[in-house]
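Worksheet: the structure to be examined is printed underneath.
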Amino acid sequence: MGIFDWVDERLGVKSLVRGFLDRPVPANVGWLNTLGSATLFLLLVQIATGISLALFYVPAADNAYQSVQHIDTLAFGTLVRGVHHWSASALVVLIGLHTLRVFFHAAYRYPRELTWVVGALLFLVTLGFAFTGYLLPWDQKAYWATVVGTNVAGSAPFVGDLILNLLRGGPAMTTATLTRFYGIHVWVLPASLLLLVGLHLFMVIRQGIAAPPRRNATSEEIPGETKKARYAREYAAEKSAGHPFYQSLLKDAVVAVGIILVVAVLAIAVGAPLEARADPNAVGYVPRPEWYFLDVFQMLWYVSGPAEPLIIFLAGTVGFLVFLLLPLFDRGRERHPRRRPVATLAGALVVVAVGVLTYQGATAPAPVAAGAGLTASGSLTASQKAGLHVFELEGCAACHLVNGSGGTAGPDLTHVAARLGSAEIQHQILQPRDKMPPYTDIAPADMTSLLDFLSTLK
Ligand code: HEC
């Protein structure tokens, strides 16, 4: 008796597995339906590589960077780190594509509303992973992108300071910040992830894969039939025209192998980046967010004025709630993209907007979100604008907050003109009191515009 028979005699798993593999899947379930399982597959890759990295990583400001350098010297170290880095990016792409597929197929319609809601939360968790993981190498890029990112969160109305202190473990970026991000990255988010993925899969298995929408309605309405009965009748018809599940599973496997090959090639050929160690006093470092946050930062650039934090906060919250609760207000019957033109057009617009914003963010010459980038540059005079430019070029934003954006090594300059006159500011720039480096080589004309710009910060 083979080992499988031995186990099967006791647990009766053979019939379970057979039933699982042979269960019917609706007609037309094809390659687009592999996006969900590909996302799941990458999550597993992240868990495996993440655990390997956690065995060597030290979450303290003094040691983090060296521990990452050490990982790169180990056998397979760069490979594991590279795979973790690139599959994070691939994960964002795949979860985005999977969401789009579900949206354009209206697969969130009755009875799968909750599957969408849980999926939207999973989307948020994935972005949380990306945001917290970015800081861990504690290199320049990690540090300054997180300075900017947490400042944006910290500019939320009323609760901004609270959020900032919660995220950073104090007003500045220190080991407290790093251990917090690490704890969130390896405990809070994975626990939420497992719970939500479990729920998501439970729902998908319980309800079966949604039948892809048909161009023409397949069945006539029967008067008096309930929604539930009608759905059951139509879904049964789709399944009897379909194929066994293992055929879909084969497609899933092909896609998973393809993805892991691409990720491995990127990990080997490009590797995971590691810049110089984070330096809180680095003058003029231009922080750039990871590509999947470029669109958000580009959007921030367009919003300005005194209501800016409120607008950002409201737009973000409302945007996410619409996304989260979509199935609750989009409840029509039509599912084919051509038969729901408004939704299809809206979805296409979002895709184009994200693409354009990401492109603009990637090609913008000036640091999109650095320091003064968030001030109301629209209302400045030519000289003040030139001064803003000097402020950005000289890297003042690396140490100074202006309107919630920039570094925190020096005092917040959002209202500096209310405290200091131009002469005092100039004196500080030329002969700083203490830790600030002196800027004696700023040309007189530039100094005039710089002071002109700073005088608007009241
Ligand atoms: C390396 C970090 C750093 C950079 C870069 C930097 N500063 Fe400062 N700045 C400080 C610190 C720290 C202070 C507090 C006083 C001191 O240490 O001199 C300060 C103080 C100031 C003050 C006085 C604010 C107050 O409320 O007392 C002004 C104004 C100022 N900086 C303007 C600038 C300008 C303009 C630039 C760019 C040309 C700049 N800083 C670049 C760190 C920096």
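Couple of notes before you dig in:
- Enumerated helices (runs of 4 or more DSSP H) restricted to region 400-458, each holding at least 3 residues that are in contact (Cβ under 8 Å) with a residue 60 or more places away in the chain and open to solvent by less than 20 Å² (accessible area, probe 1.4 Å): 444-454
- Residues that are closer than 23 Å to Thr177 by Cα, without any contact (Cβ under 8 Å) to a residue 60 or more places away in the chain, in a helix (DSSP H, G or I) and within 23 Å of the chain's Cα centre (by Cα) occur in region 88-111; there is at least one.
- For region 51-83, residues that are over 16 Å from Ala276 (Cα atoms) and charged (D, E, K, R) total 1.
- Scanning region 167-201 for residues that are open to solvent by less than 50 Å² (accessible area, probe 1.4 Å), assigned to a loop (DSSP other than H, G, I, E, B) and of a type outside the set (A, V, I, L, M) returns Gly169, Gly170.
- Being touching a strand residue (DSSP E or B) at 6+ places or on another chain (Cβ under 6 Å) and either open to solvent by less than 80 Å² (accessible area, probe 1.4 Å) or assigned by TED's automatic domain parsing to the domain that holds Val118 (or both) is a property that holds for Glu275.
- Selection count where residues are of a type outside the set (D, E, K, R), in contact with a helix residue (DSSP H, G or I) (Cβ under 8 Å, 6 or more places away or on another chain) and exposed (fewer than 13 other Cβ atoms within 10 Å of the Cβ), scope region 328-352: 1
- In this structure, Leu266 does not satisfy being part of a helix (DSSP H, G or I), closer than 30 Å to Thr174 by Cα and not aromatic (Phe, Trp, Tyr).
- If the condition is being crowded, with 17+ Cβ neighbours inside 10 Å and in contact with a strand residue (DSSP E or B) (Cβ under 9 Å, 6 or more places away or on another chain), then region 65-81 contributes Tyr65, Val68.
- Within region 423-453, being of a type in the set (Ser, Thr, Tyr) and more than 38 Å from the chain's Cα centre (by Cα) holds for Thr440, Thr448.
- Residue list for region 13-50, restricted to those being open to solvent by 30 Å² or more (accessible area, probe 1.4 Å) and more than 32 Å from the chain's Cα centre (by Cα): Val13, Lys14, Ser15, Leu16, Val17, Arg18, Gly19, Phe20, Leu21, Asp22, Arg23, Pro24
- Annotation: Ile425 fulfils all but one of (1) more than 6 Å from the ligand (Cβ to nearest atom); (2) more than 25 Å from Gln140 (Cα to Cα); the unmet one is (1).
- Of the candidates Ala386, Ala397, the single residue that is at pLDDT below 85, near the ligand (Cβ under 10 Å from one of its atoms), part of a helix (DSSP H, G or I) and not assigned by TED's automatic domain parsing to the domain that holds Asp295 is Ala397.
- Residue satisfying condition, being in the same structural domain as Pro213 (by TED's automatic domain parsing), under 20 Å from Leu328 (Cβ atoms) and out of contact with any Lys or Arg (no Cβ under 6 Å at 6 or more places or on another chain), within set Pro157, Pro137, Pro111: Pro111
The values are calculated or read from the model by the stated rules, or taken from the named source; none is laboratory data. A quick note: this is a predicted structure, and the numbers were derived from the prediction, not measured. Don't worry about glycine lacking a Cβ; one is built from the backbone with ideal geometry, like all the others, and counts go over all protein chains shown. Note: areas computed on protein heavy atoms with side chains; ligands, DNA, RNA excluded. Shrake-Rupley method; radii C 1.70, N 1.55, O 1.52, S 1.80 Å.
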